[in-house]
Structures are given as C-alpha cells and as structure tokens.
Amino acid sequence: MSAKDETAMTGAEAAVRMLALHGVRHVFGLCGDTSLPFYDALYRLDHGITHVLTRDERSAAYMADGYARVSGRVGVCEGPSGGGATYLLPGLAEANESSVPVLGITSDVPVLSRGRYPLTELDQEALYRPVTKWNGTIDHVDQVPSVFRTAFRAATSGRPGAAHVCLPYDVQKQPLGRPQEVWADAAAGSAPSRRSVADTAAIEAAAELMLGAANPVAICGSGVVASGASAELEELARLLNLAVCTTVSGKGALSDRSPFNAGVVGANGGVLATRAVVAAADLVLFIGCRAGSTTTENWRFPRHGTRIVHIDVDPMVIGANYPTDVGLLGDIRLTLAALLQVVRENLGQRNRAAQDGRVAVATARREKHGQFLPLAESSATPIRPERVIFELNRVLPEEAIVVADPGTPCPYVAAYLDLARAGRHFLTNRAHGALGYAMSAAVGAWYAQPSSKVVAIMGDGSFGFTVGELETIARLEVPIVMIVLTNAVYGWIKASQKAGYGERYFSVDFSRTDHAAVAAAYGIEAVSVSDPAEVGAALRRALAADRPVLVDIAVQPLQDAQAPVSQWMG
C-alpha cells in the first residue's frame, strides 16, 4: 500500500491486515449489521483470505476448529453482535477445552452506545471469559494491532486454545493513528508457536523409572498429534518394547497398524482387552493428555499405586488426577526427543525382566477383533454400526480424514476405525461433546487439506443440529462424504436410561427423517441404505465421487447394541 493509503487505514482494514500478516487464508463466518465495515474491508483489500459464508455461527466456529486441528494454523471464525456472539461461543468453548488454536472475532455495538440500550448490546467480554484462553475488547482503534497480536500469541503458545476479540462497529470505521503498528510475528499463526523442553534432571529421572519398569505402558492424548511427535513416540516404543494406548482424541498418535499401538482406552471406545493392558502396567507414561474421567474410566485404570510419569505442556494437568513420580513440563516432541536420547544412552540398565509390549498389544488386538468381527460381518437388520466401520475401513484412502460426532458414531469409530497413518486423520469434539460438530468440522478440515478425502460421520440427532450447512456445502461444492447413522433416538441418553434407570425411557425418541431426500433438496447427491450387503458399495461410490455425497444408513440403536462403552451415563 502507498503511504497515503496507510495513513487512511481504518480499524476494520487494520483487522484484516493483521489476519493476513498472521498467515490467515480462510475465515468462516456469518454476516451481521455490526460487521458491515469488516466485510467491506474484506471486499476491498487485497489480502488472499477466502471468506466461507456459513448458515449458523456455531457451524463457523466448528469449521474453524476442524481447520485448525488439521492444518495446525489458527482457525478464524467471525460473527455479529447479540445473537451471533452467543452462537459462536459453543465452538470456542470446545476448541479451548480441546487445546485447539481458534480465534473468534465478534463485532459489537459502538463504544459510545454502551449502556444506552442499543439493539444487540451484550457484555461480550464477560460472556467469553470462562470459555477462552484469552479474551479482549477493543475500545480504541489504535488498540487493533496489539490486541490481534496478543490473541494470536495466546492461541498458539503454551497450551493452545481459543482467543476472542470483540470489535465494536465505530472502532472499525475510525482511522488508525499509528499504521506502523500493523505488524505481526508470523510464527504466532501456527501452534505450537513457541516450544520448550522439560528440565534435564526430570528427564533423567523419568528415563530411570522407565528403564527400571517391568511393564511400562504409555497413554497418549491429542498433544502428541498436535506437537507432531509421532515419530519420537514410535522410536521410544521400539526401544522399550512399549505398549502404547491412546485417548479418543489421541487416536493417530501412532498408526493403528503399528505393532506397539493397543488402541483407544477408556469408557468411550475402549474394550476390556485394552483396559487389561493398562491394568497390568507397573508404570504409566501419560503423554499430552489430562488423565480425565473418560480415559481412566473414572480414575480406576491405571490403578492407584501405579507409578506415573506425565509429559505435558500445561503445568496444571500434571499431577491433577494421579500422584505423579516425575512430571515433565514441555513441548511433547522436544521432550520425547530428549527422553529418547537419555533412554538410548542407558539401555544397558533396562530391566531384564521387562515384558514385551508387542505381545500385550497383539493379544489385545486379537481379543478386540474377535469381538468385533462377528458383528461387523452380521447381515442382521437394522444394520450393525460395526458393519459400517468395517466397510469404511475397506474403502477409506490412507490419507483420508474422518470426523465423528460424539453421539452414536464416536465409540465405534474410536474403537474400530483403522488408521493406516499416524497424524491428524481423526477428529471429534470430546471436550464438551456437543452434537452437530462433524459436518461443519469436516468442511473446515477439507479447506485445510483439500487433497484428502474427508468423511463426516454423525447420528441423526446430530444431523438435525447442522442440516442448514448442507446449503453451504452445496453452494461451495465441498466434496466431503457425509454418513448419517439413522436410528431416530438420542442414543447415549436412551442407553443410559436402560442401564441406570430401569428402562424408564423419557423424551429420547423422535420421528424418522428421510435424510437422503433432505440432502437432495439442497442439491446434494444422496442414497439411503437399509441392507447390510449394500453398505460397502454405497461407501465406495461416495468416496469415489468428486462432489459432496450423503449416505443415510439405518442402524441399530445404541440401547440395543454392543457398543464399546464400559459405562453409560447416570
């Protein structure tokens, strides 16, 4: 830009420039009156940013979440004041709790209108404070550059998370007094933007414990994938013959075909065979996970008394749920690399009675597969969910990305989806478990990595939350595959009413919908499947298409199924 243009830069233009300088290439959002100057700046300026118009602000936030998880870059979403600000919030809450770098921008009423009852006035800073890592309101136009820099820095440093910027209408229109302040640290556009390694003495202590353990087991969360530490994890497992388990969100820490990967553990997606791997451990290495209620089946596995080494970038996580022998505070990849070096140098001190983790993994896999296969090959109707995953495994490309809603699909995908590659090939919103995530997050994932086939798997309850985004997908020709598992019930709750409330089913069943017809009305190719023999061919055709496709599959409801869930709610 010329010096004259820079002098005339407005707050909205400065905001757009700050996004571009941080490497933002996509913004997901929905228009509103208080966002008009921001939209006009996006229209007029040359910035290289694609704006993806959604039909709901919640969807915009989930798209930004999926985009960030797959790309590692900050996912950006935006919405207007009032209702728009309240709708954007659920996605930021999920991203923050799941350690995903997302920036939410909400426009607001003019600063000088505050307290005078203008339409859509809302204390946005108070609203977003509990659900974001960092949250700020711009009161003066010259704050725009510094506030955006702070938001990006907060989202990507330390434990990644969500940041929120409130951008009032009048601030957007005012001229910037110091255009030379419009600069960025480009490194803050991706997470982790700043890496640090754990203390050397702690690393040596952890290595000593691990080398001396007879049956060490690793439990890995999403931090391994986010840090890009799969290669270091695989090498550590090879050196120590270490059995590796993952949380639901940590799926992808290793390839599911690695001889060291026992699979997902815990109440959602874990099975008795994988629980046994953890129960037998005399030392558990938690890596990039919080050892929360789902992963540990309410803190029963690992058993208390098991020695614990915990690696995490968040100091509040270490020692929160288990007495911890050694805590390693640092970036997962750098800390694993340093731990590897110490272990390699001291392999001669390895416990000679140590068990071979590969044997434990092979045993667990064999038992799990033995339970899965009869259900997966069943020709019973309604179609068994296991059959859907079985057929998907047969046709899914190795580079594909699967996004699952937290309802009916999650335990089946977590337990049985076979990921050929390590890395971010599986996404789900496990922090808060809101329905309606998968379809929108899959759109964001595709924009992050358009060379990969992206599959969204959702229940029909979830479909009802997000059906409007079929128009977005059709309009933008986003070539994702959507699989709807149809059973006309909020399955987790009904299964819990069966397990814990004497089958007193209350307000959990709803009417069946022809989801294929709904998709067709939006101009999306769709097919309904009720015959198990037709599932594989339908999925194969959908994955081969270069356009969006919806496959509606009538499946067994959770309360009648043998889902890999150790304990229902309530």
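Of all the listed residues (160, 130, 145), the sole one being of a type outside the set (Asp, Glu), outside any loop (DSSP other than H, G, I, E, B) and buried (at least 22 other Cβ atoms within 10 Å of the Cβ) is 145.
Are any residues in region 402-450 farther than 16 Å from residue 62 by Cα, in contact with a helix residue (DSSP H, G or I) (Cβ under 9 Å, 6 or more places away or on another chain) and among the aliphatic types (A, V, I, L, M), and if so, which ones? Within region 402-450, 413, 415, 417, 422 qualify.
Figure legend. Inter-residue proximity from region 89-105: first residues assigned to a strand (DSSP E or B), second residues open to solvent by less than 10 Å² (accessible area, probe 1.4 Å) and charged (D, E, K, R), beta-carbon distance below 8 Å, spacing 6+ or different chains. Indicated pairs: 102/65; 104/78; 105/78. The residues on offer are 107, 99, 71, 113, and the sole one that is more than 25 Å from residue 478 (Cβ to Cβ), hydroxyl-bearing (Ser, Thr, Tyr) and touching a helix residue (DSSP H, G or I) at 6+ places or on another chain (Cβ under 6 Å) is 107. Residue 502 meets the conditions (1) open to solvent by less than 70 Å² (accessible area, probe 1.4 Å); (2) within 20 Å of residue 382 (Cα to Cα) in every case but one. The failed one is (2). Here the condition is being within 25 Å of residue 288 (Cβ to Cβ) and of a type outside the set (Ser, Thr, Tyr); of 94, 121, 78, it holds for 94 alone. Of all residues in region 148-195, those satisfying the criterion of being among the acidic types (Asp, Glu) and within 30 Å of residue 113 (Cα to Cα) are 170, 181. Pick from region 291-331 the residues that are open to solvent by 10 Å² or more (accessible area, probe 1.4 Å) and not in a loop (DSSP other than H, G, I, E, B): which of them is nearest to residue 221 (Cα to Cα)? Going through the qualifying residues, I end up with 312. Look at region 382-411: where a residue is of a type in the set (Lys, Arg) and a partner is open to solvent by 10 Å² or more (accessible area, probe 1.4 Å) and in a helix (DSSP H, G or I), sitting 6+ places away or on another chain with Cβ atoms under 8 Å, you get 384/375; 387/375.
So that you can scan it fast, the table gives a plain yes or no per residue for (1) more than 26 Å from the chain's Cα centre (by Cα); (2) modelled with pLDDT of 95 or more; (3) under 15 Å from residue 164 (Cβ atoms):
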{"position": "15", "(1), (2), (3)": "yes, yes, yes"}
{"position": "24", "(1), (2), (3)": "no, yes, no"}
{"position": "32", "(1), (2), (3)": "yes, yes, no"}
{"position": "41", "(1), (2), (3)": "yes, yes, no"}
{"position": "51", "(1), (2), (3)": "no, yes, no"}
{"position": "78", "(1), (2), (3)": "no, yes, yes"}
{"position": "90", "(1), (2), (3)": "no, yes, yes"}
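If you check 345, 398 for being acidic (Asp, Glu) and within 21 Å of residue 209 (Cβ to Cβ), only one passes: 345. Could you tell me whether region 204-214 includes any residue that is more than 25 Å from residue 280 (Cα to Cα) and open to solvent by 30 Å² or more (accessible area, probe 1.4 Å)? No, region 204-214 contains no residue that is more than 25 Å from residue 280 (Cα to Cα) and open to solvent by 30 Å² or more (accessible area, probe 1.4 Å). Under 23 Å from residue 187 (Cβ atoms), over 22 Å from the mean Cα position of the chain (by Cα) and open to solvent by 30 Å² or more (accessible area, probe 1.4 Å), is that true of residue 115? Against the criterion (under 23 Å from residue 187 (Cβ atoms), over 22 Å from the mean Cα position of the chain (by Cα) and open to solvent by 30 Å² or more (accessible area, probe 1.4 Å)), residue 115 does not qualify.
Residues being over 19 Å from residue 63 (Cβ atoms), touching a residue at least 24 places away in the same chain (Cβ under 8 Å), open to solvent by 50 Å² or more (accessible area, probe 1.4 Å) and among the basic types (Lys, Arg) are entirely absent from region 482-496. Here region 529-570 is the region considered, the condition is being buried (at least 18 other Cβ atoms within 10 Å of the Cβ) and polar (S, T, N, Q), and the residue that is modelled with the lowest pLDDT is 566. Restricting attention to region 332-361 and to residues that are outside any helix (DSSP H, G or I) and small (Gly, Ala, Ser), the residue that is surrounded by the fewest Cβ atoms within 10 Å (Cβ to Cβ) turns out to be 353. In region 287-302, the qualifying residues are those that are among the small types (Gly, Ala, Ser) and touching a residue at least 60 places away in the same chain (Cβ under 8 Å), and the one that is nearest to residue 266 (Cα to Cα) is 291. Inspect region 229-245 for any residue being among the aliphatic types (A, V, I, L, M) and within 30 Å of residue 492 (Cβ to Cβ) and give the result as yes or no. Scanning region 229-245, I find at least one residue that is among the aliphatic types (A, V, I, L, M) and within 30 Å of residue 492 (Cβ to Cβ), so the answer is yes.
Take the residues in region 218-228 that are in contact with a helix residue (DSSP H, G or I) (Cβ under 6 Å, 6 or more places away or on another chain) and surrounded by 24 or more Cβ atoms within 10 Å (Cβ to Cβ), then tell me which one is nearest to residue 156 (Cα to Cα). The qualifying residue nearest to residue 156 (Cα to Cα) is 227. Of note, residue 157 does not satisfy the criterion of being among the hydroxyl-bearing types (Ser, Thr, Tyr) and over 18 Å from residue 104 (Cβ atoms). Summed over region 229-247, residues that are open to solvent by 10 Å² or more (accessible area, probe 1.4 Å), hydrophobic (A, V, I, L, M, F, W, C) and in contact with a Gly (Cβ under 7 Å, 6 or more places away or on another chain) total 0.
Okay, residues lined up against (1) in a strand (DSSP E or B); (2) not charged (D, E, K, R):
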residue	(1), (2)
41	no, yes
52	yes, yes
55	no, no
59	no, yes
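The values are calculated or read from the model by the stated rules, or taken from the named source; none is laboratory data. Note that the structure is a prediction, hence the values are computed from the model and not measured. Reconstructed Cβ throughout: ideal geometry from the backbone, glycine too, with neighbour counts over all protein chains shown. Remember, those area values only see protein heavy atoms, side chains included, never the ligands or the DNA or RNA. Shrake-Rupley method; radii C 1.70, N 1.55, O 1.52, S 1.80 Å.
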